[in-house]
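Asker: Provided herewith is a single structure, encoded as structure tokens, for subsequent inquiry.
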Amino acid sequence: MALGNSETPEEDVSLTARSYSSSEDDLAGDTYSIDSSAMAFKIENGRRYQAYREGAYWQPNDEVQSEQIDISHRRYLTMLDGALYMAPIPDNVERVLDLGTGTGIWAIDFADLFPNASVLGTDLSPIQPDMVPPNCRFEIDDCTEEWTYPPNYFDFIHIRSLLGSVADWDRLYAQAFKHLKPGGYIQHLEPSLYIHCDDNTLPLDSPLYKFSELFNEAGERTGQSLDLCATMSSKIAQAGFINLHEKTHKTPLGEWSSDPKLQELGKWNLLQFDVGLEGFSMQLLTNVMGMTLPEVQLFCAQVRVAARDRRVHSYYPHKLVYAQKPL
């Protein structure tokens, strides 16, 4: 679905092409220059979005949203006690695929941790840094299209925060199953967009509830679910994976918890929410939900005030699922 209307004129922006790995053998072979269409961006409502496969992803790819991605990475590290992954992958893992790599921060950290592994990060936007470990490469690719990797190729496939970017998760999990080696692992971590509160400190008329409702409706209209937590496990199992493990992480919005780890987790969660709020909201609420730019700006201001209220003990569940392809 192409998202087109905006309150401000659109502007195409092209960046200089960079070289990315294209080797299917060791992910470190020859390089090629990205087609200019993959390097094109547009400006809408003051934010920069990819023009390549326009409408396939709803968040901006500008510096502000890149900052949100990197802060969110810190949130996930806190959530997992400093771990990059929970799947029981072997120390001699060889080929790793990071779908929707964003700024590439997870792929880079993983490549540093496993210098003998070949790590490939794919994304629709070329916003990854040039200086990366020698065993880390990035490709511009749409994971919702047919994968061109050999079957039984990867040891580990990592997916994180792809909510709203995949219409057919059954197909994506099936492709992951096909291209994982027997015995390889898939791991998927997603936030729920439904705000929770266990002690009734969140008023029923809170903008945070309205925020969840609007995003749920926007996902229904676009056909790309913005809340995957209820279906991840069953769909991964239906794809043929076994030894499935799942865990739901209660992630506070702010530092209201008396638990030191949850305080730290809530700090990073609120910070990434605060930095990314307009980016989360702008395209979906204007182009899908029909709100005007001033209406979205006012709504975001109201949501931000509600999110910062330390009297409110709200949280967003995050679900992590990992599973194995049978031997």
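Asker: Given the rule -39500 (n - 2.57) for each run of at least 4 DSSP H residues, summed and divided by the residues of the chain, what is its mean residue ellipticity at 222 nm, to the nearest 500 deg cm²/dmol?
Answerer: -10000 deg cm²/dmol
Asker: Dividing the convex hull volume of the alpha carbon atoms of the range 243-290 by its residue count, what do you get in Å³ per residue?
Answerer: Taking the convex hull of the Cα positions in the range 243-290, it is 121 Å³ per residue.
Asker: How would you classify the range 196-244 from its alpha-carbon gyration tensor, with a ≥ b ≥ c the square roots of the eigenvalues: rounded for a/c under 1.5, else prolate if a/b is greater than b/c, otherwise oblate?
Answerer: Because a/c hits 1.5 or more and a/b fails to exceed b/c, the range 196-244 counts as oblate.
Asker: Using a/c under 1.5 as the rounded threshold, could you call the range 171-282 rounded, prolate or oblate? The axes a ≥ b ≥ c are square roots of the C-alpha gyration tensor eigenvalues, and prolate needs a/b larger than b/c, oblate otherwise.
Answerer: Prolate, because a/c is 1.5 or more and a/b exceeds b/c.
Asker: If you count, for each residue, the other Cβ atoms within 10 Å and average over each peptide, how do 217-228, 300-311 line up from highest to lowest?
Answerer: Packing proxy ranking, top to bottom: 217-228, 300-311.
Asker: Now for a different question. Expressed as a whole number of Å, what is the distance separating the alpha-carbon centroids of the range 131-185 and the range 69-109?
Answerer: What the calculation gives is 14 Å, centre to centre.
Asker: Give the peptides 286-297, 161-172 in descending order of average Cβ contacts within 10 Å, highest first.
Answerer: With the highest mean Cβ count within 10 Å placed first, the list reads 161-172, 286-297.
Asker: Among DSSP bridges having both ends in the chain, what percentage is antiparallel? Round to the nearest 5.
Answerer: Approximately 60 percent, going by the DSSP bridge assignments.
Asker: Mind computing the radius of gyration and Dmax over the alpha-carbon atoms of the chain? Å is fine for both.
Answerer: When restricted to the Cα atoms of the chain, Rg and Dmax are 19.5, 58 Å.
Asker: Same structure, new question: Quick one: of 181/250; 178/319; 178/250, which pairs are farther than 30 Å apart, Cα to Cα?
Answerer: Check vs 30 Å cut-off fails for 181/250; 178/250.
Asker: While we're looking at this one, here's another question. Going by average Cβ density within 10 Å per residue, which order do the peptides 144-157, 186-199 take, highest to lowest?
Answerer: In descending order of packing, they fall as 186-199, 144-157.
Asker: For the chain, calculate the relative contact order in percent as a whole number, restricting contacts to Cα pairs under 8 Å that are 6 or more residues apart.
Answerer: 19 percent
Asker: Once you list every other residue whose beta carbon is under 11 Å from the beta carbon of residue 230, what net charge do they have if Lys and Arg are +1 and Asp and Glu are -1?
Answerer: Spelling it out: positives minus negatives among the neighbours equals 0.
Readers should treat all values here as calculations from the given coordinates under stated rules, not as data from a laboratory. Since we're looking at a predicted model, the values are computed, not measured. Cβ coordinates were reconstructed from backbone atoms using ideal geometry, including for glycine residues, and neighbour counts include every protein chain displayed.
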